[in-house]
Amino acid sequence: MGAGEDFVTVEARGISVTLDLAVGHIRDLTVDRDGRRVAPLHRAPWFEESHADDAPAHLKRLSGDFLCAPFGLSDIDGSPAHGWPANSAWDHVETRAIDGGARAVFALQKQVMGARVLKEFTVRDGHPFLYQRHLFQGGEGAVSVGLHMMVSLPQGGHLSFSPKRFAQTPAEPLEPDSLKGRSLLAYPARFSDLKHAPREDGGTANLTCYPLDRNHEDCVMMPEAPGRELAWGAALRHREADLVLSLKRPEDFPSTLLWLSNGGRYYSPWNSRHRGVLGLEEVRTYLLSGHKASIAPNDFSEQGIPTSIGLTPSGEIDLRQAIGIMPVPAGWDVVTEVEAGDGELAVRSDVGELSVPYDAAFVLHR
């Protein structure tokens, strides 16, 4: 374990993760495997630029992955967009050795609706996964939550997912003012075929192939189809021959939100240079409608799709995810299935299969 004024790094054989304590963002996640080093998570190009000082903290130090509570608009507790977990300081509580790895615990200095929030990272020797969980202890009321992972896709790639109920764009485009930016999808729109997402111009876009176009900023939410114990999302980077996986239990995060950011914001600090970025975000929220709308009855919750967590003074909420990053054989084009076995995760593609060490019990709360 290494430490600096603003960053803490946790390591096991073949994997390291660094947390930015100022805002609780993952600064870096690197895997060394099969003689290759893989580090595909995104970091904003303005990270250390002084002109970004006026930006919210989560935007100024935008990197990797971070917890949002609430997710998006904060219109109840007075916190910034994406909440205090994404915008304020965390304390490094401890890092300790475990059998075959290491575990670190961090505590948010502020509270969320009266709840203490803990972040826990576990890394294991030879496992190409960051096992992370977030604990909400105590508190009162309800709040939307999400994990805001961002993948860098400068040369594009293929996206695939476990089955979803449907896909839906929010009520309004991310960039409705053509002088400030551009969104290309239709808003609002609900559809079932990711290869034929409705565009604003009447055409369709293939959401499984990234990028969709140049100079656009778009968002799509996809609730999980019922019946799966393990849900997953995959971003396969063809040119780099590597893969990013998000693994979750649908009971923790009932939906996946795609943020497609490819130069579609023209104003500072974006300045049309935030390109090739995919937000592969696991969420429990109602579209981009904010805290208040997510805890009220809404179109999703009425269909049995949870959009918030409920906090109680004596309760604890435990939310988990595994982020996997790994090299893949040359020639892989599409991930077709992900299946957890006894100590392994099988990743199947259109041309082959690989197996990697994996702690299946972690994500499933076993």
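Laboratory data are not the source of any read-out in this text; all were calculated from the coordinates shown. Predicted model, so just to flag it, every value in this text is computed and none were measured. As a convention, Cβ positions derive from the backbone with ideal geometry for all residues, glycine included, and neighbour counts pool all protein chains shown.
Annotation: of all residues in region 65-94 being surrounded by fewer than 23 Cβ atoms within 10 Å (Cβ to Cβ) and touching a Lys or Arg at 6+ places or on another chain (Cβ under 7 Å), the one that is farthest from Gly279 (Cα to Cα) is Ile76.
Here Leu243 does not fit the description of being touching a helix residue (DSSP H, G or I) at 6+ places or on another chain (Cβ under 8 Å), outside any loop (DSSP other than H, G, I, E, B) and under 18 Å from Glu353 (Cα atoms).
Of all the listed residues (Ala115, Ala142, Ala186), the sole one being crowded, with 22+ Cβ neighbours inside 10 Å and out of contact with any Cys (no Cβ under 8 Å at 6 or more places or on another chain) is Ala115.
Among the criteria (1) out of contact with any Gly (no Cβ under 6 Å at 6 or more places or on another chain); (2) in a loop (DSSP other than H, G, I, E, B), the one Cys219 does not fulfil is (2).
Scanning region 150-186 for residues that are within 28 Å of Ser301 (Cβ to Cβ) and more than 22 Å from the chain's Cα centre (by Cα) turns up Pro176, Ala186. Give me a count of the residues in region 153-183 that are assigned to a strand (DSSP E or B) and crowded, with 20+ Cβ neighbours inside 10 Å. Looking only at that region, the number is 8. The selection criterion, being of a type in the set (D, E, K, R) and touching a strand residue (DSSP E or B) at 6+ places or on another chain (Cβ under 6 Å), does not hold for Glu302.
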